[in-house]
2 protein chains.
Amino acid sequence: MDSDDQSPFGYDAFRRTCPSHTVLEMLASKWVYLVVCALRRGRLRNGELARKLEGITPKMLTQTLRVLERDGLVRREVFPVIPPRVEYELTELGQNLAGLLNQIRSWSEQHAPDIKDARARAEHGRDLVA
Amino acid sequence: MDSDDQSPFGYDAFRRTCPSHTVLEMLASKWVYLVVCALRRGRLRNGELARKLEGITPKMLTQTLRVLERDGLVRREVFPVIPPRVEYELTELGQNLAGLLNQIRSWSEQHAPDIKDARARAEHGRDLVA
DNA sequence: ATATATAGTTACCTCATGGATAGTGATGAC
DNA sequence: GTCATCACTATCCATGAGGTAACTATATAT
């Protein structure tokens, strides 16, 4: 893909026309990555998710799941019983996204050390730079 | 890569130990994607970047470039002349990141339509769902 | 003397994200 | 009657990312 030239520059154009923006915006959300990872192995109930995602509040869990559902990445199934039972699972699209997350993780595992090194060099600053 | 089980759950653990967090955090920044794309074709001066990235303010341009420089993705070269001349270019690591951005764009181009469809379905809501 | 060009700073303000906390509804167990 | 369970929902509030606008320094050109 070398068609970078047609890419919109300027943030407004980027947001309106570049598909990457949609995805990046999702991934920027604090819990999306974790929720998708948690669901990779199969369907889970709300409570199971809440326990698995240590530190998440019910509000953020629901909010995240609603966004994911709206975007077609997660399927929500409600069992009309009492007490309530609700299960969540990745759709095909969601599993596909998990694949992208693997690519990102793979890149990160390869290169995060370089970034950390650069940060360390920048932090200790010029006392080391002759 | 199937080693999802060792992945930290809970946001704090994620942040401290998962390399993906470092990268995702970067990509969440509003201008990083655009700046890296702008520099893909070669080095540019500050003013050239400012003109290319329609809508960016000098503050955000500098801020973004400083972060990228600190993380070893961008090299900054200062020419001691007046008026000042400063050029920026991607490091090898930065070009590598551009590769990841291409993967993300590729995925996005393939699947963003599905996401948009899902959103449209969610918006018009249940009046269409029998 | 004044204007211009370049590459930034600096101070201030706004608004969205997300955290904290408490409340809701329905039913079966005790 | 009331307590527990489960899956939320509602409300308020703090933090920080990012926007706005004005200011800086220096040498050359006029």
**Request:** Take every residue in peptide B:79-85, count the Cβ atoms of other chains within 10 Å of its Cβ, and give the average of those counts.
**Result:** 0
**Request:** Based solely on C-alpha atoms, express the radius of gyration and the Dmax of the protein assembly as shown in angstrom.
**Result:** 20.6, 75
**Message:** Quick check: Cα centre of the range A:56-86 to Cα centre of the range B:80-109, how many Å?
**Reply:** 38 Å
**Prompt:** So for the pair residue B:43, residue B:77, with labels modelled 7 Å out along Cα→Cβ, what separation do we get in nm?
**Reply:** 0.2 nm
**Fill in**
The answer for residue B:85, listing residues at least 5 apart or on another chain whose modeled amide H is closer than 5 Å to its amide H, is B:79
**Distances in nm from residue A:10 to the matching label points in the other copies, shortest first (labels 7 Å along Cα to Cβ)** = 4.7
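Using the Kirkwood radius built from alpha carbon pairs, what does the Stokes-Einstein equation give as D for the range B:32-127 at 37 °C and 0.692 mPa s, in µm² per second?
On the way: Rh = 15.3 Å.
Once the numbers are plugged in, D ends up at 214 µm²/s.
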**Candidate lysines - alpha carbon under 20 Å from residue B:116, same-chain residues fewer than 8 apart omitted** = none
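Since every read-out is calculated from the coordinates, none of them should be taken as a lab result. Treat the numbers as computed from the prediction; the structure is a model and nothing was measured. Neighbour counts run over all protein chains shown; Cβ positions are idealised from the backbone, glycine included.
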